[in-house]
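The structure under discussion appears below in the form of structure tokens.
The values are calculated or read from the model by the stated rules, or taken from the named source; none is laboratory data. Every value quoted in this text rests on a predicted model; they were computed, and no experiment measured them. For neighbour counting, all protein chains shown are included, and Cβ atoms are generated from backbone atoms with ideal geometry for every residue, glycine included. Just the protein is used for accessible areas: all its heavy atoms, side chains included, with ligands, DNA and RNA removed. Shrake-Rupley method; radii C 1.70, N 1.55, O 1.52, S 1.80 Å.
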Amino acid sequence: MKLLILSQADVTALLDLDRLLEALEEGFRALSSGRVEVPARTAVDGENEGWLASMPGYGEGLGLGVKLVTVFPHNDATGLPSHQALIALFDPETGSPVAVMDGTRITAIRTAGGAAVSVRHLAREDAGVLAILGAGVQGHAHLEMMPRVRRFAEIRVASRTVESARRLAKLDPRARAVESFEAAVRGADVVALCTHSGEPVIRREWVAPGAHVTSVGYAAPSGELDRRLVEAAHLFVESRAAAFLPPPAGCFELAGMDPNTATEVGEMLLGTRPGRRSPDEITVYKSMGHAVEDLAAAGLVYREAVARGAGTTVDL
């Protein structure tokens, strides 16, 4: 049996980011149409407050696969990413393994891609100011993805340290570092939360009418997103069935809330539930991460690798 191995360099070279946005949208539609089978994420605790999670999934036309992802929040001190992953794909007809690929790049860019999909469909068309809170892996990924869906004239970057914010801001001529989260958020049209904070880094009163806020961070005890902002906004999630479960399957910020208060992104894309309802409405996209996003991205990478003859094939 032959197995295709794809490195992080392979994945980065093979994954077209504009096609990724389209694949994510199709994945969200499939999810909200009931065409995807994804059980709740399971996880075991490791050392240094880290954990290992398993995220299997199947979708007709999307494929069959599983992601193994570790989250070790103290890895910054060692120079390693906090999130590291492998993705395995299987033939959906026979169950034979066909590929194993780096999932670290996919996890980073599909997470930012999901947030960018929400911006494409929920941010006001005239949105011109983007605020990115957090200058780590997700801050970098959001800087890659967000400008693909809106023409931002100004990008503000804030982080725990001004130095890290400046390093990220140097990557885009529209970007500049600001000294506080509040300074970044006030007056911004789109706010992207990309931190490891276990406490809110944003306040309801900072957010302008009509703004769109995205949040992809996951950290105990309460997460990066202000609960008062969530309750005041029109809330969007990948999956109600997953987002409102107790952590680690669900979001800290949504614990105890009524799932029916949220709209799935796929429902909005299908037109079965409304998206933005007025120019002044505040919209919030809270991401927990979903296996359908990994399948959408990994499937793109695998098909492109086969077409180009990329990667390394081994005999099992």
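Roughly speaking, what % of Cα-Cα pairs in region 1-127 are separated by over 27 Å, rounded to a whole number?
Cα-Cα pairs in region 1-127 separated by more than 27 Å: 25 percent.
In the chain, what percent of the accessible surface is made up of carbon and sulfur (1.4 Å probe, ligands and nucleic acids excluded)?
About 52 percent, which is the carbon plus sulfur part of the accessible surface.
With the other protein chains left in place, how much accessible area per residue, in square angstrom, belongs to the chain at a 1.4 angstrom probe?
About 43 Å² of surface per residue is accessible.
Work out, in µm²/s and without decimals, the Stokes-Einstein translational diffusion coefficient of the chain at 20 °C, 1.002 mPa s, Rh from Kirkwood over C-alpha pairs.
So the translational diffusion coefficient is about 109 µm²/s.
Compute the helix-to-body angle for 17-32: its Cα long axis versus the longest principal axis of the chain, expressed 0 to 90° and rounded to tens.
90
How do the peptides 48-55, 154-161, 251-258 rank, highest first, by the average count of neighbouring beta carbon atoms within 10 Å per residue?
Most protected by this proxy first, the peptides run 154-161, 251-258, 48-55.
Add -39500 (n - 2.57) for each DSSP H run of 4 or more in the chain, then divide by its residues: what number comes out at 222 nm, to the nearest 500 deg cm²/dmol?
-9000 deg cm²/dmol
Could you check the spin-label model distance between M1 and A77? Points 7 Å from the Cα along Cα→Cβ, value in nm.
4.1
Can you return the lysines within cross-link range of K286? Criterion is Cα-Cα under 24 Å, with same-chain partners fewer than 8 residues away left out.
Counting by Cα, and skipping residues close in sequence, K286 has these lysines nearby: K67.
Find the relative contact order for the chain and round it to a whole percent, using C-alpha pairs within less than 8 Å whose residues are 6+ positions apart.
22
Kirkwood Rh, region 204-316, all Cα pairs: how many Å?
The answer is 16.0 Å.
Quick one, can you get me the convex hull of the C-alpha atoms of region 122-223 expressed as volume per residue in Å³?
Considering the Cα atoms of region 122-223, their hull volume per residue is 87 Å³.
As an exercise, use a Förster radius of 45 Å and the Cβ-Cβ distance of R273 and V314 to find the FRET efficiency, rounded to the nearest 0.05.
Once rounded, the FRET efficiency stands at 0.50.
For helix 104-122, what angle does its Cα long axis make with the longest principal axis of the chain, in degrees from 0 to 90 and rounded to 10?
50
Could you work out how far the C-alpha centroid of region 238-311 sits from that of region 20-69, in angstrom?
Centre-to-centre distance over Cα atoms comes out at 10 Å.
Taking the chain as a Gaussian network, Cα atoms linked when under 10 Å apart, which of G27, G128, G266 shows the biggest mean-square fluctuation?
Of G27, G128, G266, the most mobile in the Gaussian network model is G128.
Using only Cα positions of region 42-81, each an equal point scatterer, no hydration layer, compute I(q)/I(0) via Debye at q = 0.18 Å⁻¹ and quote the log10 values to two decimals.
For the requested q values the scattering log ratios are -0.59.
What distance in nm lies between label points placed 7 Å from Cα along the C-beta direction at T261 and R176?
For the pair T261/R176, the computed spacing is 3.7 nm.
So, in nm, how far is label E281 from label T12 when the simple model puts each one 7 Å beyond its Cα toward the Cβ?
3.9
Can you tally the net charge around A220? Count Lys and Arg as +1, Asp and Glu as -1, for every other residue whose Cβ sits under 15 Å from the Cβ of A220.
Charge balance near A220 sits at -4.
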